[in-house]
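Input: a single structure, listed below in structure tokens.
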Amino acid sequence: MTGAAGAALASLVFPGTARSAKHFGTLAESELLIGFAHTSPVNDGGWTQKHDEAIRHLHALYPAIRTLYVESVPYSADATRIFRQFVAEGAQMIIATSNYGDFISDVAEQAPDTIFLECDGHRVSDNLGWYYMTHWYASYVIGIAAARLSRSGRLGYVASFPTPSVLASANATLLGARSVNPSATLRAIPINSWFDPQAAASAGAALIDSGCDFLAGIMDDPGYLRVAQQRGVWAAMWNTDMRQFGPDAYVSSVVLDFAPFYAQTVRRRLAGSWRAEGRFLKLGEGVDRDRWGARVPPAVAREADDVRRRILAGWSPFTGPIRDSRGIVRVAEGHTMSDADIYAWDWQVQGVSGLV
Amino acid sequence: MRGEGRQMAVISFRRIVIARMIAIGIVFLLVAAGIYGLGLDPGMVGRLVVTSTFGTRFGLENLALYMTPLLLTGAAVWLALRAGLWNIGAEGQFLAGASAAAAIGLSGGANPALAGSPAAFMSSSLTLVLAMTASFLAGALWSALPAAGRAWLGVSEIITTLLMNFIALYMVYALVTGPWADKVTGAQMSSARIEVVLPAFAGAVHCGWPIALLAVAMLALLFRRSRFSYCLALCGSNPEAARYAGIDVGRHVFVTLLLSGGIAGIGGMIEVFGTVHRLQGGLANGYGYLGIVVALLARKSALALVPAALLMAIILNAGIVLQTVQVSASAVLAMTGLLVFAIAVADDYAAWSRSGRAS
């Protein structure tokens, strides 16, 4: 039994597999119950708030559906219990707004008639799919502005954990910056949290002290934006428009919008046409750069937006040669990294330090 | 309190049960009032908790899965209490056992080519037996230092066993972010998945549940009018008298704490191979500390560990249910504390009213 489970698991681990063929019947709007599991409180001002806004949008579109949610779901077997509880309460669809790995896939195996979706997940089975936004394109665009705004060419990055997502974000920022200033560097400090304003502010201050005059990062809170405002350097944020916390320092943000994706998911579930798949939300489809900050010169904004337009038209900036931080060519000349490759990024590009 | 503690042994089972029922009833009323205070309908919430815990297969399975580690950590703390020792370190011993078991599970590796064959069955059975043995030894080893300190140097085991918990937790963090970090699925702070699993018992409930029940039954047998249990009780209540009677108190204390740690360690192995399938930072989930509650609820009877663990499991599962109506997980912690307090008062009341009547 264990061997078979292992083999089945191995085939599920890799993203980008074909859509599953399993059918789920149609449902009336009033029958649908969706359970949402969030990694932090719904008023965190960032990631979870964006998901919660999308849920409210769903209720506006489909007034008869019911939703449940649990905040601050731990990354432990208690997550499994929360997913199981959603099933016990009759949810036909369970959406984890962050990665819960086995804790969700184990329950998906036990409840084959319930649909499971995992944001930042990696597995696809008959009733388990994942979705994730290709935030690296927005980071690349912001990276171009960063190189133009920074005088020292030294960018700072307030990181959470050295996961592939975070590596992709930091790498993309520097690749964008290096496209206009080949000697730009990016130094990252992981603070082991997505939401820790105190630690983010300390990391931001330390980066400025070491000579960085542009701060990027991947935080739910505006902690390092406030520091940038006080110290007179630039900052780019994540999740939401945070300009009010540092109007002079604010450059842009990797802004998220899950409403269209959730609306489409519910529409497909009601119509009985939902199929499990791994789904990347493209630039402009749930992830984008925010409206530029008040002090960003129009010429800089224009230059970055020209590249954004090229990406929207289908061009990818993640084309070789790309070297890693030891100088070894990891993406050969002429080869372009697919979104699946970027989603599994486990090395830092040349010029990035502090993450691996 | 100490004197009354002696007397409690002769308080009738019925009196204790009645006093506790009243205490639990009061706690439930307080909790209902709290839920009402949050703007929720206590009747609706109560029905939701009852129907989703007892009315669904998933709910019943959850109870068994919660009971399993609680039975073992409860048994660990209970055993130490029989000798008058407070093992606050079941959490750390649980993690030490889990780590040792994971080491076996990760090094073995199921061979997919052998899947379903008798050879695969033999190799996974061997892994399970080795892992369980290793977890017992690791749990025992984790309590060895506090045990030796208490047995021969008189160092309070309450402090030392507690402090060992933090060492165990950070050891697990170091392992799962360092040498054992999962590189396949990007699971955070987790080891790779262990492919050998405890066989299923019923549905999602694995064999760990009957094993834990069996462990409690064995403990009950061991304490049924045995010389060992008498020696422990004597060591705990009056070490001087025990020494005078020729009992090696130090050795009894040492062995008891070692056994206690070993039982908690097996709990860690079962959680890894049955429920979580990885070594992971959040693995212990407070089971070591909740084991103290379970042991206190069970008083002097090993078999009472079963209803005590069941009650804790119901409360923990209620906590999961309550979170879906936005009652915070920490409210459950408050509820547990309230319950322990109420039951302590109830036990004392039962003892007090009896002695009052006798005199």
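The values are calculated or read from the model by the stated rules, or taken from the named source; none is laboratory data. Note that the structure is a prediction, hence the values are computed from the model and not measured. Glycine also receives a Cβ, built like all others from the backbone with ideal geometry; neighbour counts cover every protein chain displayed. Ligands, DNA and RNA are excluded from the accessible area calculation, which covers all protein heavy atoms including side chains. Shrake-Rupley method; radii C 1.70, N 1.55, O 1.52, S 1.80 Å.
Put simply, of B:68, B:73, B:51 the only residue that is in contact with a helix residue (DSSP H, G or I) (Cβ under 6 Å, 6 or more places away or on another chain), under 25 Å from residue B:202 (Cα atoms) and within 14 Å of chain A (Cβ to nearest Cβ) is B:68.
For residue A:139, the requirement of being outside any loop (DSSP other than H, G, I, E, B) and under 30 Å from residue A:272 (Cα atoms) is not met.
If the condition is being facing chain A (nearest Cβ under 8 Å) and of a type in the set (Gly, Ala, Ser), then region B:277-292 contributes B:281, B:282.
Is it true that residue B:15 is at pLDDT below 90, open to solvent by 30 Å² or more (accessible area, probe 1.4 Å) and assigned to a helix (DSSP H, G or I)? The answer is yes for residue B:15. Residue A:284 satisfies every condition listed in (1) over 30 Å from residue A:151 (Cβ atoms); (2) under 15 Å from the mean Cα position of the chain (by Cα); (3) crowded, with 21+ Cβ neighbours inside 10 Å except (3).
If a residue has to be surrounded by fewer than 24 Cβ atoms within 10 Å (Cβ to Cβ) and farther than 15 Å from residue B:297 by Cα to count, how many in region B:86-103 make the cut? Spell out how you get there, then give the answer.
Our first condition is that a residue be surrounded by fewer than 24 Cβ atoms within 10 Å (Cβ to Cβ); within region B:86-103, this holds for B:86, B:88, B:103.
If we keep only those that are farther than 15 Å from residue B:297 by Cα as well, we get B:88, B:103.
Count: 2.
Can you pull out the residues in region B:119-156 that are surrounded by fewer than 14 Cβ atoms within 10 Å (Cβ to Cβ), within 14 Å of chain A (Cβ to nearest Cβ) and aliphatic (A, V, I, L, M)? Those that are surrounded by fewer than 14 Cβ atoms within 10 Å (Cβ to Cβ), within 14 Å of chain A (Cβ to nearest Cβ) and aliphatic (A, V, I, L, M): B:119, B:122, B:126. Considering region A:300-334, and only residues there that are in contact (Cβ under 8 Å) with a residue 24 or more places away in the chain and part of a strand (DSSP E or B), the residue that is surrounded by the most Cβ atoms within 10 Å (Cβ to Cβ) turns out to be A:322.
Here is a yes/no grid of residues against (1) under 16 Å from residue B:262 (Cβ atoms); (2) touching a Gly at 6+ places or on another chain (Cβ under 9 Å); (3) among the acidic types (Asp, Glu); (4) at pLDDT 95 or above:
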| site | (1), (2), (3), (4) |
| --- | --- |
| B:93 | yes, yes, no, yes |
| B:97 | yes, yes, no, yes |
| B:100 | yes, yes, no, yes |
| B:107 | no, no, no, no |
| B:117 | no, yes, no, no |
| B:121 | no, no, no, no |
| B:133 | yes, no, no, yes |
| B:138 | yes, yes, no, yes |
| B:160 | no, yes, no, yes |
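Scanning region A:85-102 for residues that are open to solvent by 10 Å² or more (accessible area, probe 1.4 Å) and under 21 Å from residue B:317 (Cβ atoms), which turns out farthest from the other protein chains (Cβ to nearest Cβ)? Within region A:85-102, the match that is farthest from the other protein chains (Cβ to nearest Cβ) is A:90. Within region A:137-192, being surrounded by fewer than 24 Cβ atoms within 10 Å (Cβ to Cβ) and of a type in the set (Phe, Trp, Tyr) holds for one residue alone: A:161.
For (1) closer than 25 Å to residue A:133 by Cα; (2) modelled with pLDDT of 90 or more; (3) polar (S, T, N, Q), each residue gets a yes or a no:
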position: A:3; (1), (2), (3): no, no, no
position: A:37; (1), (2), (3): yes, yes, no
position: A:45; (1), (2), (3): yes, no, no
position: A:49; (1), (2), (3): yes, yes, yes
position: A:56; (1), (2), (3): yes, yes, no
position: A:75; (1), (2), (3): yes, no, no
position: A:98; (1), (2), (3): yes, yes, yes
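Do we find a residue being open to solvent by 60 Å² or more (accessible area, probe 1.4 Å) and touching a residue at least 40 places away in the same chain (Cβ under 8 Å) anywhere in region B:236-252? Within region B:236-252, one or more residues are open to solvent by 60 Å² or more (accessible area, probe 1.4 Å) and touching a residue at least 40 places away in the same chain (Cβ under 8 Å). Among the numbered conditions (1) within 22 Å of residue B:323 (Cα to Cα); (2) within 11 Å of chain B (Cβ to nearest Cβ); (3) open to solvent by 10 Å² or more (accessible area, probe 1.4 Å), the only one that residue A:195 does not meet is (2). Of all residues in region B:193-213, those that are more than 11 Å from chain A (Cβ to nearest Cβ) and open to solvent by 20 Å² or more (accessible area, probe 1.4 Å) total 7. For region B:263-274, the candidate set comprises residues that are under 15 Å from the mean Cα position of the chain (by Cα) and not aliphatic (A, V, I, L, M); within that set, the residue that is surrounded by the most Cβ atoms within 10 Å (Cβ to Cβ) is B:268.
Answer yes if at least one residue in region B:157-166 is closer than 20 Å to residue B:269 by Cβ, within 14 Å of chain A (Cβ to nearest Cβ) and hydrophobic (A, V, I, L, M, F, W, C), and no otherwise.
no
When B:342, B:304, B:331 are checked against the criterion of being open to solvent by 10 Å² or more (accessible area, probe 1.4 Å) and either touching a Gly at 6+ places or on another chain (Cβ under 6 Å) or without any contact (Cβ under 8 Å) to a residue 60 or more places away in the chain (or both), B:304 stands alone in meeting it. Just so you know, in region A:232-266 the residues that are open to solvent by 10 Å² or more (accessible area, probe 1.4 Å) and assigned to a loop (DSSP other than H, G, I, E, B) include one that is nearest to residue A:51 (Cα to Cα), and it is A:257.
Could you please find all residues in region B:26-47 being assigned to a helix (DSSP H, G or I) and open to solvent by 80 Å² or more (accessible area, probe 1.4 Å)?
B:26, B:28, B:29, B:30, B:36, B:47
Across region B:56-65, a minimum of one residue is classified as in contact with a strand residue (DSSP E or B) (Cβ under 8 Å, 6 or more places away or on another chain), open to solvent by less than 20 Å² (accessible area, probe 1.4 Å), of a type in the set (Gly, Ala, Ser) and within 14 Å of another protein chain (Cβ to nearest Cβ).
The condition of being at pLDDT 95 or above, open to solvent by 20 Å² or more (accessible area, probe 1.4 Å) and of a type outside the set (S, T, N, Q) does not hold for residue A:217.
When A:345, A:292 are screened for being under 30 Å from residue A:265 (Cα atoms), open to solvent by less than 40 Å² (accessible area, probe 1.4 Å) and assigned to a loop (DSSP other than H, G, I, E, B), only A:345 passes.
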